[in-house]
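Reading through the structure tokens given below for one structure.
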Amino acid sequence: MQLTPRDLNRTLLARQHLLERTTMPVPAMVAHLVGLQAQANLPPYLSLAARLEGFDPYDVSAGLTTKALVRLLTMRGTVHLLVPDDALSLRQWTQPRQDRERAASQNTAAALHLDAGEFATAVSELLADAPLSGKDLGLRLEERFPGVPPTALTNLARVDLPLAQLPPRGCWQQAGGVVYQYVDRWLERSLVEPDPPAIVRRYLRAFGPATAADVTAWSGITRLGPVVAGMDDLVRHTEENGRALFDVEGAPIVNAEAAAPVRLLGQYDNVWLSHAARDRVTTALNRKRWMGPNGGMANTVFVDGMLEGLWRVLDDALEFELFRDLTRAEQQELDAEAARVEALLAS
């Protein structure tokens, strides 16, 4: 089947539950999306509020404290909110992405001369009795590796080892610095060998149809072409330019004419970070308006399925910077979404 850009837009939004909200439990949605971008605390809450009817942000806090959810560095070298099954396998799969950060980042440069095995043993011993804050972990490691800055030691541990960020970090309306523990110790379950084809299928169910390059954009893992090409169970579609797109059999394709209501998302959401061209839901110009020198500039407004503005919180109200004029119907949808988000932020 040949798909237009608008077909792909509507299909992506439908699979992301951004055309119609659903009532599935929070962990089920997090699992379906293969994690939520959670580098900052607020975006995953906005992501869930946009997708779930009757979303209660305290369900996320409860999930973090009961270990039904966990925060962990995975895809693209960023923190994601994950279900335990994914936390125990995706970190294994994405470690090559963390290894690239280890080699290139100034945050770890002062510690790169350390023996990896000796360093891992030291971290394991320090966390054997109890979790430690990032600051305390660095200071304790400095005692073992004199002359290396504590911040470099903490950053090296963060990228080298599967350290989860423990609550109250990430809990709704709670302050809390980063406290680390090995994810398998925290969850009291063993790490799991990843299954790359299974991960690709799950990505396609939530983000497809797509190419191997798209899976790389989402995950940060390269050389996926042979993996995808070797999956005989996948079906193929084509873009207007003739490029092949892979998909799981039976996954819905949504017509270009489907309505896409206004949605307010956070500073980051994988819906626009998970394809190589980054054009499923935004033009290059509008993405540039969102993107600053050090990351996203503000929260995002999606109108008719596309990134069409930014929003910020100012004096307990939402302030909008729209990239085009809205129709009367679109403005009414925006007003309704703004009221929903204001109620969420006040909860």
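The values are calculated or read from the model by the stated rules, or taken from the named source; none is laboratory data. Remember, it's a predicted structure, so these values are computed and weren't measured experimentally. When we count neighbours, we look across all protein chains shown, and the Cβ atoms used for this are built from the backbone with ideal geometry, even at glycine. We work out accessible area using only protein heavy atoms, side chains counted, and drop any ligands, DNA or RNA first. Shrake-Rupley method; radii C 1.70, N 1.55, O 1.52, S 1.80 Å.
Overview of values
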| read-out | value |
| --- | --- |
| Given (1) of a type in the set (D, E, K, R); (2) open to solvent by 30 Å² or more (accessible area, probe 1.4 Å); (3) assigned to a loop (DSSP other than H, G, I, E, B), number of the condition Arg280 does not satisfy | (2) |
| Selection count where residues are open to solvent by 30 Å² or more (accessible area, probe 1.4 Å), free of Cβ contacts under 8 Å to residues at least 40 places away in the same chain and not aliphatic (A, V, I, L, M), scope segment 133-167 | 9 |
| When residues of segment 168-180 are limited to those that are touching a Pro at 6+ places or on another chain (Cβ under 7 Å) and within 25 Å of Gln92 (Cα to Cα), the one least open to solvent (accessible area, probe 1.4 Å) | Tyr180 |
| Close pairs from segment 238-265: first farther than 27 Å from Gln37 by Cα, partner surrounded by fewer than 16 Cβ atoms within 10 Å (Cβ to Cβ) and of a type in the set (Gly, Ala, Ser), Cβ under 7 Å, at least 6 apart | Thr238/Ala244 |
| Criterion (at positive phi and of a type in the set (Gly, Ala, Ser)) met by exactly one of Gly117, Gly138, Gly134, Gly77 | Gly77 |
| Residue within segment 122-141 that is β-branched (Val, Ile, Thr), more than 27 Å from Asn41 (Cβ to Cβ) and in a helix (DSSP H, G or I) present | no |
| Selected residue (criterion: surrounded by the fewest Cβ atoms within 10 Å (Cβ to Cβ)) from residues of segment 300-345 that are of a type in the set (Asp, Glu) and touching a Lys or Arg at 6+ places or on another chain (Cβ under 7 Å) | Glu319 |
| The listed residue being at pLDDT below 95, open to solvent by 10 Å² or more (accessible area, probe 1.4 Å) and at negative phi, out of Ala40, Ala28 | Ala40 |
